[in-house]
1. For region 93-325, with only Lys/Arg (+1) and Asp/Glu (-1) charged at the beta-carbon, what is the dipole magnitude about the Cα centre, in debye rounded to 20?
2. In nm, to one decimal, how far is the modelled label at Val264 from the one at Ala43, with both set 7 Å along Cα→Cβ?
3. In what order do Thr292, Thr154, Thr313 fall by count of nearby beta-carbon atoms within 10 Å, going from fewest to most?
4. Report, in cubic angstrom per residue, the convex hull volume of the C-alpha atoms of the chain.
5. Can you give the net charge of the other residues whose Cβ lies under 12 Å from the Cβ of Val242, counting K and R as +1 and D and E as -1?
6. Would you please give the residues with an amide H less than 5 Å from that of His426, counting only those at least 5 places away or on a separate chain, with H modeled from the backbone geometry?
7. Which net charge results for the neighbourhood of His194, defined as the other residues with beta-carbon distances under 15 angstrom from its beta-carbon, given Lys and Arg at +1 and Asp and Glu at -1?
8. From the backbone phi of region 412-429, what are the Karplus-calculated ³J(HN,Hα) couplings (6.51 cos²θ - 1.76 cosθ + 1.60, θ = phi - 60°) in whole Hz, Gly and Pro given as x?
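Computed from the coordinates by the stated procedures, all read-outs in this text should not be read as laboratory data. Keep in mind it's a predicted model, so treat the numbers as computed, not measured. Cβ: placed from backbone, ideal geometry, glycine included. Neighbour counts: every protein chain shown.
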Amino acid sequence: MVNNVFEIMKRKKKKKQQHPLVAPGGIYKVLGVSVWPCQHGNAVCRQVLALCLYPQLLEHSNFPADVGQRALRMLEACDGGSVGSYTPSSGMLYCRQRISEFIRRRDGVPSSPGDVFLPAGSQKALTNVLKLLCKGVEGHPPAGVLTPRPCPHTLPALLDEAEVTLAPYQLSEQRGWAVDLEELRRAVKAARRHCEPRAIYISNPGNPTGHVQDRESIEEVIRFAAAERLVLLVDEVYQNSVLGHGSEFISYKKVLLKMNRELVDTVELFSIHSLSGAYTGECGLRAGYIETFNMDPKMKYYLDVILCGDISTPVTGQLALDLMLNPPTPGDASYDTHMQETLHIQTTLCHNAQRGHELLNDLPGMSCQPAMGGIYLYPRLDLPSGFIKHAESLGIEADVLYCQRLLEEEGVLAGAGQDNGTVDSHHLR
Ligand SMILES: Cc1ncc(COP(=O)(O)O)c(C=O)c1O
C-alpha cells in the first residue's frame, strides 16, 4: 500500500498537474493541519544537541550563551560526559528529574522522578504497558481495553500486538467528538460479554478528532474508571497543540489530584507524552515519557525492565525531550528567538486548522467538526449510494476507495476513517 501511494505520487508529480491543494513543485499541500513539513527543527534544541554531539564546537560556535551552558550541564549528566554512553533503561536520572520539574510547573502538583519512565517513543511504551497490564490469566476471559472510536490509526495494531481485545466506545460526533458517559457505560457492559476490561485508553487532545476535553468531562471519565476498576491510559501527546476557541489543555493528573481523597488514593493513571506530538515534532529522535500514578509497586520493577526494553533510549532523544519541556526562559539569550519560533508554529497551526475546516465544509458531501486541538481534522463523507455499492463490488470500504481516487485523480493524500476504527459512516483523516 505504501509503495502504491509513492508510485501514484511520483506519477502525479511527473504530470505536473496543478490543483489548488497541490503546492507548486510538490504534492505536500495536503489536508493536514500540521506544520511539520515546513519545519527544520527547533533551533535551540538542534544547537544544544549539536554541541552535545560534538563538544569541540563549544569553543568555536557563536550560539547564544545559554545554549552552551545547557549543553555543558547535559554533558555533565551523561555517563563519561558523552552522549555515546548507555543510560539506565528507565532513562537518565537528570532527564527524569527535569520531566518531573515540568509536570510540577504545568500542574502545580507533586511529581517524582521515580514515577517517570523514558522509553524510545510512546507507542512502543504503550504496547509494553498493555502487555503488562493485560497479561492473560488461565481460565479467565481475554483482557480488554476500552478504546475510542475513532481512535489513533496505530492503536488497533498496537492492541493486537499486545494480544489485548479492543472494546470500542463511540465518541459523539454531534458534540464535536466528546466522550459520552452513557456510551462508556454501554461499552463496558458490552465488553464484559466477551472480555475482561482492564483499562480505558483516552487520547486528549484527540487523534484524529481534534477534541479537547474540559475539566467536567475528565472528572466523569475518572469517576467512571474508578467505579469500573479500570486503569486510565491517557495519551496527552498533543497537549501543546491547542487551537484556542476557549479550549484549554488540562492534564488528567491535575484534575485527579483535585478530586476526593478516595479517588486520589486509588485511581491508577498512566500519562503519556512524546517528542513526536508537540510543536517540536522531532519524532525521529525517539523519546517520550510515561508518568505513573498509584501504580502497584510490584509492577514498577517489571516496568523498569520491560518499558524501556531497548536497553537505553537514544540519549539525544532524552535530551531533546528535556529541551522541549523546559525551553529557554526570560533572560536567556535564546529566549526571544525561541518564542518567535513557537509563536510562528502556533499561529500556522491555528490558521491551517481554520482554513482546512472552512475548505472542507465548503465541499459538497463533506462536513467537518472544528478542531479544538491536535493536528488532524476528521471530516465526514456523505457518499452517494452508487459509489458505496461500487466499493462493495470491489470488496473494499467506500472511504478507502475514495482515498485511492482522491490520490489518483487529485494528488491529495488522506487517510481513510476505516483505519481509525470508524464503522457505519465514512470519514477522512
Ligand atoms: C495519539 C498519538 N500518540 C503518540 C504518538 C507519538 O508516538 P511516538 O512517541 O512513538 O512517536 C502519536 C504520533 O504522532 C499519536 O498520534
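1. Here the size comes out at about 220 debye.
2. The answer from the label model is 4.3 nm.
3. Ascending Cβ contact count within 10 Å gives the list Thr154, Thr292, Thr313.
4. Taking only Cα atoms, the chain has a hull volume of 167 Å³ per residue.
5. Net charge in that neighbourhood comes out at -3.
6. Counting only residues 5 or more places away or on other chains, the set is Leu381.
7. Computed value for this residue: +3.
8. Calculated HN-Hα couplings, in order: 9, 9, 9, x, 7, x, 2, 5, 9, x, 6, 10, 6, 8, 10, 9, 10, 10 Hz.
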